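What follows is a short report on a single structure.
Here, each number is a calculation from the coordinates, and none is a lab measurement. What you see is a predicted model, and the numbers here were worked out from it, not measured in a lab. Heads up, the Cβs are rebuilt from the backbone with ideal geometry, glycines too, and the neighbour counts pull from every protein chain shown.
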Amino acid sequence: MAYELTNEQRDRYRATAIRSQLRKRELLRFHDEDAEVDDLHRFGERLDVSDLMPMLASNALTSLSLFSGGGGLDLGFERAGFGHAASFEILDICGETLRANRPQWEVSSGTEAGDVRAARFTPFRGVDVVHGGPPCQPFSVAGKQAGAEDPRNMWPDFVRCVLQTRPRAFVAENVPGILDRKFNEFVKANISAPLEKYYRIFKFRLAAHDFGVPQSRRRVFFVGFRLKRDAERWVQPEPTHGETATLFGTVLPYNFARQSIGLPDIGFDQLAPTLRSGFTGPRNTTGILNSKASLTVWNRLRVWPNGVQPTHSMARAYPPENGHFRLSVADCALLQGFSADWKFSGAVYQALGQIGNSVCPPVAYAVARQVARALGVA
Ligand SMILES: C[S@@+](CC[C@H](N)C(=O)[O-])C[C@H]1O[C@@H](n2cnc3c(N)ncnc32)[C@H](O)[C@@H]1O
């Protein structure tokens, strides 16, 4: 949601920002990355996100990734047993993340090699699954919802890739806004009409916290199958986590933010509010605040959603003035469901951009597993 600021508010925020910068410089002047951790800042046990998506043996299927970002969908598919065919992503920094984590992957990134609009997909004919999240700003409630008129509408390129490679299945992810009634015609014209001739398509919403991610975050998925037999085997992923554990113990309780990060018990815990989709909003911002309303939840959690630091140690050395917990990039990655070994390249704002734009890997994993089942493996 866009902030409407008066000049007076703007001046006040500017003054606060300058004061905070000076304080940060002072506090971090003698910062020692290896200093002893005091008890107040010692972490308890943290959520091990890889437990939410146990690595499965290879299922001998391959997946091609478009609009790969920092790799949320790619990681979920990998952990569900898929072989990685290639990734296409226009931002170099995302390409760096993917290559640094998986040097063996074929990654095309940058405005030339990585631009899906210019890519040739015929060499990937025979791939089993195409997946991707075409940029969602055209449909996001945070944007103007211009849909097909928006130059960032890249659904036609996703569709072209599917038609050129003819995978057995595709998975496309987007923001919930795309299912608003006002986009019915858009979805029909840009997704259903060109693909329905060849694919049976399922549309559904998933909530990340239903899959153990300690964050409130909803996404829409379109899953399509070329063969009738595969479509008939398709079953939408069932939540693995819930409000209350079920009688037979198949659903685990939600993971909440403080406990997942390993912070001390303060008598209150909750899902983290949706992390801001970081490549939008003020340039180079190191905050994850998505809306004014979510500030109330962050405050109750006593977690500060601004000025995220590159490391735990720097976050600890520079506590916010209100005494709340300051987040590091690793904490934000955990709140999004990335396993601790997945590292993001770039400055803090670039890492947050990749995190906030991603499909939470445990959600990607749940979808990928069900796709593999529908394709007759796993
Ligand atoms: C919603 S994010 C995808 C996130 C990703 N699926 C994940 O799970 O981490 C959309 C991505 O599309 C990329 N993108 C935008 N235009 C592109 C283009 N023309 N070609 C390739 N990638 C593009 C953006 O840089 C952004 O990283």
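Highest mean packing first, where packing is the average number of other Cβ atoms within 10 Å per residue, the peptides 125-132, 327-334, 68-75, 178-185 line up as 68-75, 327-334, 125-132, 178-185.
Over every Cα atom in the chain, the radius of gyration and the widest Cα-Cα span, Dmax, amount to 21.1, 65 Å. Once you have a ≥ b ≥ c as the square roots of the Cα gyration tensor eigenvalues for region 207-246, tell me rounded if a/c is under 1.5, and otherwise prolate or oblate according to whether a/b is larger than b/c. Oblate.
Descending by average beta-carbon neighbour count within 10 Å, the peptides 351-361, 210-220 line up as 351-361, 210-220, the highest first. Take the Cβ atoms of Arg152 and Asp92, set R0 to 22 Å, and the FRET efficiency comes out at 0.75. Remark on Ser328: its backbone amide H falls under 5 Å from those of Gln309, a criterion applied only to residues 5 or more positions apart or on other chains, H modelled at 1.01 Å from N. Rounded if a/c is under 1.5, else prolate if a/b beats b/c, else oblate: with a ≥ b ≥ c from the C-alpha gyration tensor eigenvalues square-rooted, which is region 40-133? Since a/c reaches 1.5 but b/c is at least a/b, the shape of region 40-133 is classed as oblate. Here the peptides 48-58, 362-372 are ranked by packing, the mean other Cβ count within 10 Å, and the order with the highest first is 362-372, 48-58. Using just its DSSP H runs of length 4 or more, each adding -39500 (n - 2.57), the chain gives a mean residue ellipticity at 222 nm of -8500 deg cm²/dmol after division by all residues. FRET efficiency for the pair Gln236 and Glu26, taken as 1/(1 + (r/R0)^6) with r the Cβ-Cβ distance and R0 = 56 Å, rounds to 0.60.
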